[in-house]
1. Of all DSSP beta bridges in the chain, what percent run antiparallel (nearest 5)?
2. With each label point set 7 Å from Cα along the Cα-Cβ vector, what nm distance links THR387 and ALA199?
3. Give me the aspartates and glutamates in straight-line cross-link reach of LYS414: C-alpha distance below 18 Å, same-chain residues under 8 apart excluded.
4. Rounded to the nearest 20 Debye, what is the dipole magnitude of the chain about its Cα centre when Lys and Arg each give +1 and Asp and Glu each give -1 at the C-beta?
5. Can you tell me the orientation of helix 142-153 relative to the chain, as the angle in degrees between its alpha-carbon axis and the longest Cα principal axis, to the nearest 10?
6. Averaging over all projection directions, find the projected area of the Cα convex hull of the range 265-337 and quote it in nm² with one decimal place.
7. Assuming R0 = 30 Å, can you tell me the calculated FRET efficiency for the pair THR466 and ARG291, based on Cβ-Cβ distance, to the nearest 0.05?
8. Could you work out how much longer the chain between ASP476 and GLU366 gets when fully extended? Use 0.36 nm per residue separation minus the Cα distance between them, nm to one decimal.
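No value in this document is a laboratory result; all are computed from the given coordinates. Quick caveat, the model's predicted, so the values are computed rather than measured. Here the Cβ positions follow ideal geometry from the backbone for every residue, glycine too, while neighbour counts run over all protein chains shown.
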Amino acid sequence: MLFILEMANNHMGDIAHGRRIIREMREVCAGFDFRFAIKLQYRDLPDFVHPDYRERTDLKFVRRFSETALSWNDYRRLKDAIVAHGFLSICTPYDEASVDKVIEHGFDFIKVSSCSLTDWPLAEKIAATSLPLVISTAGGPFEEIDRIVSFYQHRNKRLTIMHCVGEYPTADANLQLNQIELLRRRYADVEIGYSTHEAPDQYESVMMAIAKGATVFEKHVGVPTKKYPLNAYSATPAQVHRWLEAAQRAVAMAGAAGRRHEFSVAERGTLAELHRSVFARRTIKPGEVIRLEDVFLSIPGRPGQLVANDLSKYTEYRATRAYAPREAIMHDGVAATDTRSLVHGVVHDVKALLKTSGAIVPAQLELELSHHYGLERFREVGSAMITVINREYCKRLVLLLPGQWHPEHWHKLKDETFHLLYGEIDLVLGGERRRCAKNDVVVIPRGVKHEFRSDTGAVIEEISSTHTRDDSSYTDPVISRNEQRKTYVTNWMD
């Protein structure tokens, strides 16, 4: 994070006072783990103020700029003091001649003020430099910000955009801190900051700005004396210190950014005590697959015990020892098989088959994997299915990977027709074997046993009457007893 301390005209045209501000700000910033910069403002007054108005003391800004003016040599001496005290240096030029001085004096950054946001002659001059830019956006509609961001980005300028309110000081009700999030969403590839003009003893806004994702902060600063009192929006060294303390607390409270935070031992312990643990509902023998109906979930558990969070549909647990009813199921008493990688591999190959076949599939449809003897044998025995519509009529795609076999079965309720869209299949229908090729159409009446396999891989369009999940009966009773023979995958086309 970068904190920019804006000296502006608070040096009061007195280089000794300006150096004092730099020294005291260095003392204030010691011990904080942030980057710091001090900012000056440059104006070439002979051209910046119209000749007819240079002596007008009744005009606020003409008087202020005239009374606090320094020579270019003194400005450079202030810049050198900034660097000597370990600060980065940043300067706001308000005219083209001042841009030349910023480069000549060797500043690290250029700041573009809100009033100069779309000052196009000045922008052209600034864009010709090699320095990174910090631009404030007070009073600028998005149309203007879009244009100036595009202008600088097309010239390969490194940008930071500052949310800013041009009200000095800014009332709490007018801080508009939600604009930080809006800027972050709109300019996702640009660093977003917050240029503050709230009352100097108001410290909540910097904490909120950090929570909303700002990473660069700017505040007007100065050192009040009897000779040089501070304005209502500039912070004293003590106020800057409290501002930085508030920022430091906010960083600690916000925690990790861009990644999941590290969990404390206390947090993990509390959550572990509240996890429902897995207990045997019945006697479970060694070698048995442990299914959800075989267990119940309760607290408290024991260290090393399976918990409800472990019971993913993609993980199969097989008992490696016997369990009595109500006994805790332990991690070291089961063998776990993770099927997620198997499913991902199948999805990859199904998508490749569809692409090769040229079949068009709406992206939102669910993928159904039938694994009659377990997912680990899917590439040997099984099929993938996509239901396009299922009303009084039904359309599904049946996909066989190369070498896959769909075992013998029949339907009690539905009549179906196979239209082979891609590949070849060996179909056994009513005991008769036939080879089917692309564009073949086969009618399969209800009640007729059939099985099919493909050496090449195949895509079959199945047209039928209504499909119901309990309408398939298998010749091998082992398949019918396998209640876990289906896996459904959503969002699989992403």
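1. Values: 64 of 102 bridges.
Expressed as a percentage, antiparallel bridges in the chain total about 65.
2. Calculated label separation equals 6.5 nm.
3. Cross-link targets: GLU392, GLU451, GLU461, GLU462, ASP470, ASP471.
4. Values: 65 positive and 66 negative charges, 166 e Å.
Approximately 800 debye in magnitude.
5. 90
6. Values: hull surface 18.6 nm².
Mean orientational projected area (the range 265-337, Cα hull): 4.6 nm².
7. 0.55
8. Values: separation 110, 0.36 × 110 = 39.60 nm, distance 2.71 nm.
Difference between extended and current length: 36.9 nm.
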